[in-house]
Amino acid sequence: MAQEQTTGAGLTKELVALRQENEHLKLMSARMEQAEKEYARFFGQSLELLCVAGLDGYFKRMNPPWATQLGRSLEELAVRPFLDFIHPDDQQATLAQMDALSKGSETILFENRYRHKNGSYRWLRWNARLVPESQRIFASARDVTGQKRLEREILEIADQEKDRLGRELHDGMCQTLAGIAALSSTLAIRLDRDSDSAASADAREISILLNEAIVETRNLAHSLGPLALHAVGLEALLQTLALNINDRFSVSCTLACDWPIGRLHHDAEAHLYRIAQEAVNNAMVHGCAQRIEISLGIKGEKGLLCIRDDGVGVSEEAGAADGVGMHTMAYRSRIIGGSLAVRRRSLRGTVVSCVFPIPGTHHRDEDPDHEHDDS
């Protein structure tokens, strides 16, 4: 009898334990269901593009704005690798970001282009983080296509203003100064006839100074707007830039050019010239360089513009190159489908390199190969 009571008590305890465990499971299930609802509500209400992706290259979950932004259903986006929707020129960089995420890095402000169903591309700016426990990437993206368009328009307007000022200096101020210089020379001759040697010498000195001002104004006009770019091309303009730096600032500036390709599209040439101009200016103003080397050539199947200097060198601290000029150079390189790298040389100085595509080459499966000779 006692044994039966003991057995009954044991069963009762087990039933109580099972009932408690069942209640606990129900509670956990309810909490998970509530969390899922809140998760879905957050995904559904956010204006940002939110997604969960796997390291296998597929989207696992996306919120409704994706369909609006890309003109594709969420199902269509989920059944294909997301690399299929990314611009070919951005695929390698995207894979590099995925690799970095898999190793524990955090992606901040990475940008790439996704193809809309109508064939156009949308620029997306990403923030992403890997959750190691699930091996899933949680990310948010913002459509910055409009911002990119505005940035490009502002850059084009700034370039147009520089070109306009350059033309006005070249066609206006230079001509006016040339006229005054001619009058000064004539005045000096007349004063010689009148035997006023002192006044004649002053007139000649004025004429000399005016001619020097003409040269400086013409150089300034060329620096503001590469007036002859369409006529002579990038190589000749870079050579002129180097000569002007030598003459005006007493800084050694040379150009090494191995460029058998010929002319690029005039927009690409203009942006490359502006990149070189900004890098050279930074080397003199901020780097206090005494020697600057500009090189233009081909590396692999891409073009390479490189500017080296022997200045103080860019700071190794993150964000040291976050000036407007650096951002503008990077943006110009992206406009022409290239990439910009700025780094400190091992001994002294800075290297600015821009790798850019050459028309007619189609191998996009390699990393941008920036110049690595930093000696």
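Taken one residue at a time, the phi angles of segment 260-275 give Karplus couplings (6.51, -1.76, 1.60, θ = phi - 60°) of x, 6, x, 7, 9, 4, 4, 5, 5, 5, 5, 5, 5, 4, 5, 4 Hz. Gly and Pro are set to x. Could you pull out every one of the lysines with an alpha carbon less than 30 Å from that of Lys13, ignoring same-chain neighbours closer than 8 positions? Candidates past the 8-residue exclusion: Lys26. For segment 300-305, backbone phi angles converted through the Karplus equation (6.51, -1.76, 1.60; θ = phi - 60°) give residue-by-residue couplings of x, 10, 10, x, 9, 9 Hz, Gly and Pro being listed as x.
Can you give the local net charge around Ile336? Use residues other than it whose beta-carbon is closer than 13 angstrom to its beta-carbon, Lys and Arg +1, Asp and Glu -1.
In short, +2.
Averaging over all projection directions, the Cα-based convex hull of segment 145-225 occupies 5.3 nm² in the image plane. Count Lys and Arg as plus one, Asp and Glu as minus one, and take only other residues whose Cβ is under 9 Å from that of Gly287; the net charge is then -2.
Between Ala178, Ala188, Leu150, the Cα set farthest toward the positive side of the dipole of segment 145-225 (charges on each charged residue's Cβ, about the Cα centre) is that of Leu150.
Other residues within the sphere of radius under 10 Å centred on the Cβ of Leu296, judged by their own Cβ, net out at -2 (K and R +1, D and E -1).
Bear in mind these aren't lab numbers, they're just calculated from the coordinates by the rules spelled out. Please read these numbers as outputs of a predicted model, since none were measured by experiment. Reconstructed Cβ throughout: ideal geometry from the backbone, glycine too, with neighbour counts over all protein chains shown.
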